[in-house]
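Worksheet: the structure to be examined is printed underneath.
The values are calculated or read from the model by the stated rules, or taken from the named source; none is laboratory data. In this text, all values refer to a predicted model and were calculated from it rather than measured experimentally. Here the Cβ is made from the backbone with ideal geometry for all residues, glycine too, and neighbour counts use every protein chain on show.
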Amino acid sequence: MTAPTAAPASEPARQPRWFLALFALASAGGAVAYVPLLTVLLPQAIADLQGREDVAALAQVTFLGAVMASIANIAFGMLSDATRLRRPWIIVGLIASNLLLLAVGEARSITEMVVLVMVWQVALNLMLAPLSAWAGDCFPDSQKGVLGGALALSPALGALAGSLVTYAGLIDPGARLALVALLVSVLVLPAVVLGKGRVRDELVAPVSPAARNHPRERVVFRMWAARLLVQIAEGGMFAFLLYWLRSLSPDYPDYGVANIFSLVLVCAVPLSLVLGRWSDRHARPICPLVASAMLCSCGMLVMAAAGSLAVAIAGYVLFAIAAAIFLALHASQTLRVLPAPQHRGRDLGVFNLTNTVPGMIMPGLTVMLVPQFGYAALFVLFAGLASLSALLLATAIRRG
């Protein structure tokens, strides 16, 4: 197999390891900004306001926030493209999102909560959109694989932050959002402050429409579709894992799911780094994506056939580690195939839709399949989506 596009005649200078590490931490800061809030703190805040758990209110806040995030990511990607600046927008977004994060904790009604979360999503994506595009401005193709491996830190640190801020007795509930804001600042600022002059001119040189590689544009669509398919499966499992495990073992504890998530994220980081470095050394950027998508499918099929809790958990661990590797490496390899550096922020905003659209698709699939056919049917469908993702990418390699 070969890379989908030919290597440039002169490779831009590689980034030093210290900057690669700082950028990975900055990217993880983006995950720390939203994972604790959306998974733990926001549901608890709504319950405190309502005096009970309110699934409808949480769904409303989450859905409208996701819509705003989708729009804002594209808009601010375009803004950073137009101004040819990334770092100033990252700093402005960091400050604004931190201030709004603190304001969310002061909401006194569901309506106020909805509005604040929507505005916070806009500010957060003012930071995230140029941060993602900045990676494409700085890291040459020869480092895309190891960059992707390093990006596996993002979900791991996001989950760790969620555990830290909610650990019983460690942090006063009123100070949790302030701690999140502090952690985000500590993670993001070093790369931005010390990253001046890291942009490589060869990576930001505009490409005219006449000079674009049209086969590459077809690869872009395949990359987008492949990520969307895996994200649908991954999002579905994230939402319904506990319910499924309890269908096999009614007494299965909720902390068991948290332990599984932690295991998956810890294992995914070194494996992503190893596979990313391998793809750089052998100039085969898409091969690990194809392999991990196929392993996602295998894990789902094991889950569909599982008759015991042990087999079910083993199948999920295989699927989840493969999915985490796929998503981390895919994020960096996308930068390799985007056709126009001058529109990198906008194009990455379109790719960001693969993170938000699944949340709109997955509940409908679950409602249609699970009540009538059981979870096994849902897992078989997800296995098919992952296999189709692998096929799209394998075909992209052959046509490159």
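Details
- Count - residues of region 161-177 that are among the aliphatic types (A, V, I, L, M) and buried (at least 20 other Cβ atoms within 10 Å of the Cβ): 3
- When each of I95, I90 is tested for being at pLDDT 95 or above and touching a Leu at 6+ places or on another chain (Cβ under 7 Å), the lone residue that passes is I90.
- Flag for S389 being hydroxyl-bearing (S, T, Y), closer than 16 Å to A133 by Cα, within 19 Å of the chain's Cα centre (by Cα) and in the same structural domain as F221 (by TED's automatic domain parsing): no
- From the options A340, A306, A291, A283, residue that is at positive phi and more than 16 Å from the chain's Cα centre (by Cα): A283
- Residue check, L245 modelled with pLDDT of 85 or more, over 19 Å from S292 (Cβ atoms) and in contact with a helix residue (DSSP H, G or I) (Cβ under 9 Å, 6 or more places away or on another chain): yes
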